[in-house]
Amino acid sequence: MPRPLVLVAAGPAAAVIALQQQAGPPLASALGLPWCGPLADRVPQLALAPLAQQGPGLVPLPLDPGLPLPGVGHWAEALGAWRQPVLLLLAGDQLHSGLPAAMVALLLQWQVPLAGLVQWGGSWDREARRADGLPWLGWLPPEGAELDGAERGQLARALELRWRQIVDA
């Protein structure tokens, strides 16, 4: 992956930041990517422009991409305009709602290149994730638990395969 991935999550800013701080570094490690500082708190165009020059990494967006921005638009619209690939992070307890499908729909509406979804915590139900038809890459166990080498490799391979689908589309 020659470009950075923006890590997005849904919910109030404090919840998004807490989820990204907990799950982001282990996720970056599992994917073999550097964990980067969050996107700057400024208009999306100014925050996204430097990413075009940056190498691979996982860069958190510290707020919900569907929130309206002052003036016009929202981050999802800007991410799509910049064709900035994203990875959607969801907490295990967020899977008991329509939030995963709604977030995917939001990102696809604005033509954001979605590398996939990753679940943080909770129990992983592979069959339920397949049945929902969303581009799940896998999951990370809750804080304190470690992925074994095989699970870590599966997550990285899933991202690599999904990345090829995005590039070839």
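The values are calculated or read from the model by the stated rules, or taken from the named source; none is laboratory data. If you're wondering where the values come from, they're calculated on a predicted model, not measured in any experiment. Here the Cβ positions follow ideal geometry from the backbone for every residue, glycine too, while neighbour counts run over all protein chains shown. With ligands, DNA and RNA removed, areas are computed over all heavy atoms of the protein, side chains included. Shrake-Rupley method; radii C 1.70, N 1.55, O 1.52, S 1.80 Å.
Quick look at the numbers
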| item | result |
| --- | --- |
| G73 vs. criteria over 22 Å from L19 (Cα atoms) and surrounded by 13 or more Cβ atoms within 10 Å (Cβ to Cβ) | yes |
| The stretch 1-23 residues that are touching a residue at least 12 places away in the same chain (Cβ under 8 Å) and under 18 Å from S97 (Cβ atoms), paired with ones that are crowded, with 18+ Cβ neighbours inside 10 Å and small (G, A, S) (beta carbon under 7 Å, 6 or more apart) | V16/A9; L19/A9; L19/A91 |
| Residue in the stretch 90-107 that is of a type outside the set (D, E, K, R), part of a loop (DSSP other than H, G, I, E, B), modelled with pLDDT of 95 or more and on the phi > 0 side of the Ramachandran plot present | no |
| Filter result (part of a loop (DSSP other than H, G, I, E, B) and surrounded by 14 or more Cβ atoms within 10 Å (Cβ to Cβ)) within the stretch 1-33 | M1, R3, P4, A9, A10, G11, G32, L33 |
| Search result, residues across the stretch 34-49 that are within 25 Å of E77 (Cβ to Cβ), in contact with a strand residue (DSSP E or B) (Cβ under 8 Å, 6 or more places away or on another chain) and surrounded by 13 or more Cβ atoms within 10 Å (Cβ to Cβ) | C36, P38, L39 |
| Any chance L134 is surrounded by 14 or more Cβ atoms within 10 Å (Cβ to Cβ), modelled with pLDDT of 95 or more and part of a loop (DSSP other than H, G, I, E, B) | yes |
| Within the stretch 81-103, tally of residues that are open to solvent by 10 Å² or more (accessible area, probe 1.4 Å) and within 24 Å of P2 (Cα to Cα) | 3 |
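Residue by residue, here is whether (1) within 24 Å of Q45 (Cα to Cα); (2) small (G, A, S); (3) free of Cβ contacts under 8 Å to residues at least 60 places away in the same chain; (4) touching a Gly at 6+ places or on another chain (Cβ under 7 Å) holds:
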| residue | (1), (2), (3), (4) |
| --- | --- |
| P85 | yes, no, no, no |
| L89 | yes, no, no, no |
| Q94 | no, no, no, no |
| A101 | no, yes, yes, no |
| V104 | yes, no, yes, no |
| Q109 | yes, no, yes, no |
| V112 | yes, no, yes, yes |
| V118 | no, no, no, yes |
| D125 | no, no, yes, no |
